[in-house]
Each structure stands twice: as structure tokens, then as C-alpha cells.
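To start, the structure under review is shown below, and the notes come after it.
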Amino acid sequence: MFNKITVNDDGLDSKKFFSKLISISYSDNDGMGFTDVDMVDSLVSATFLKSITAFYRIWNAETGEMEKQSYELVKEIRFYVDFEKHYLAVEGNIADMNKLKGAFRNYFWKSFTYDSLSLSPYNYLEIFQNDHYLYSIDEITITDFPYSNILLGKYVAKIVNPTTDVDDISEYKYNIVKVKTRLNFENETIAFSASSNNLLNLACSDKVKYLFFKYLTSKLY
């Protein structure tokens, strides 16, 4: 998941951010911390560790009912902050992004503000087509889709004959809220999806994931 990020503290740069993360190791008392902190140029990456309470259900033979039991686990959230290109990326969902933002507020107070990306799901298709990476468009989700002047709602369309021409669906480009596609990137076919809430999913090898991440962030800047 991606967000634009603005640094409001003039004294905070990538080096100071990097040093601060290293100093905040995980502890059971705080229930949070950072590990695997790394920095390459203006890009700082790390894993945020957060203690959370999870639940499971077991059968109680005496009462004849299911009972909820809780246990503690440590959630790992990998993230990236680029101080030059001004983006925050999280390997996770919206809830994971919010957990990380909460930690940033705790340790950096109001040093950061966030905003959504300006790219729409359709924009990603245009980028991939222009760069000759688009292998097929497999599925699109359209909101406010009209049917026979009677119905209006969300429509999930499976592409019967996968296409590589975004003009085929340009009629709905302003109403497309999610796309699923396949790309040919670095001699590997990868599955990619993008939603209007800035949630991106990628299925590929770790090596290609890193290269694709660098490529994609160059398009976001």
C-alpha cells in the first residue's frame, strides 16, 4: 500500500530517521519497535514489530458451547520511506498502514502528514502499456455501472478474451475502482492488482519484487 508523505520537521532527514529507528528496538513493555532497518540513499526500509491480541475459538465440552480464547502475537510490517520521492510504502493492508502511522505519531509526533496517490487503477494500466510491460488485463471492477436504465451498481467484469489495449475499457476509466492484470517484467510473468484506495498487490519472486518496486516508485514521483 502506498501513500504520499510530507516531512513537516525541517530537522528530520533520512539519516536522522534511520538512526531513530535503529534506537527503537522491540520491547515487551512498549509492545512495539523496529528491526531490519536499512538505508540506501534517501530510501529507509525497516520492519515494524507490534504486539497485538488475537483470538481463536475452542469447544467447551462442559458447557456445550464455543468459547473465545485470546493470545498475544507480534505482527511484522515491512515498510519503506523515501525522503526524496516523498512516499511511504507498506507491505500490507490499510490496517497495517494505520498501525505504522500510529507508531510514527508516537515516536515522531507530527513530523509526517500523508495523502493518497493521484494515480487511478486505470492510470496503472496506461503506464504498463506505454512501457510495454502489460501482458493482459484480466479483471476490472466498475462502480456506478448502469444496466438497461434500471440498475446502477458495482460490476466486477472478468475479461473473457484478455486484452492488452487499455482503450478497450477507456469508456469506464473514471469509474474503474480495481484492476487485475498480468505483466511481463524482467523475464517473469507477474500478477498485479491496483485499487482506488492505493492498495497494490503483487505476486512474483523476491528478486523481481525489488526491481518492480524501484520501477513503480519511479513512476509515482
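Per-structure values
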| read-out | value |
| --- | --- |
| Phi to ³J(HN,Hα) by Karplus 6.51 cos²θ - 1.76 cosθ + 1.60 over region 17-24, Hz, x for Gly, Pro | 4, 4, 5, 5, 4, 4, 6, 9 |
| In order through region 77-82: 3J(HN,Hα) via Karplus (6.51 cos²θ - 1.76 cosθ + 1.60), integer Hz, x for Gly, Pro | 10, 7, 9, 9, 10, 10 |
| Computed Rg/Rh of the chain, alpha carbon atoms with Kirkwood Rh | 1.05 |
| Accessible surface, per residue, of region 129-186 when the full set of protein chains is kept, probe 1.4 Å, Å² | 67 Å² |
| Pair-distance profile P(r), taking every C-alpha pair of region 74-170, with 5 angstrom steps and integer % | 2, 9, 14, 15, 14, 13, 13, 10, 6, 3, 0 |
| Whole-Å distance, taken between Cα centres, linking region 72-94 and region 189-221 | 14 Å |
| Stretch gain in nm, segment Trp109-Lys75, where the contour uses 0.36 nm per residue and the Cα spacing is subtracted | 10.0 nm |
| Over 20 Å (Cα to Cα) - which of Lys20/Lys99; Lys85/Lys180; Lys20/Lys110 fall in this group | Lys85/Lys180 |
| Computed label-point distance, nm, for sites Thr143 and Leu12 using a 7 Å Cα→Cβ extension | 3.0 nm |
| In nm, spacing of pseudo-spin labels at Leu211 and Asp165 (7 Å Cα→C-beta vector) | 3.0 nm |
| Cut-off 18 Å (backbone N to label point 7 Å along Cα→Cβ of Ala191), residues of region 105-146 | 134-141 |
| Cα lying deepest toward the dipole's positive end in the chain, options Ser42, Ser19, Ser120, charges on Cβ | Ser19 |
| For region 127-221: relative contact order, % (alpha-carbon pairs under 8 angstrom, 6 or more apart) | 25 percent |
| Proximal aspartates and glutamates relative to Lys154, as straight alpha-carbon distance under 18 Å, when same-chain residues fewer than 8 apart are discounted | Asp138, Glu139, Asp144, Glu171 |
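The values are calculated or read from the model by the stated rules, or taken from the named source; none is laboratory data. These numbers come from a predicted model, not from an experiment. Ideal geometry is used to build each Cβ from the backbone, glycine not excepted, and the neighbour counts take in all protein chains shown. For accessibility, only protein heavy atoms count, side chains too; no ligands or nucleic acids. Shrake-Rupley method; radii C 1.70, N 1.55, O 1.52, S 1.80 Å.
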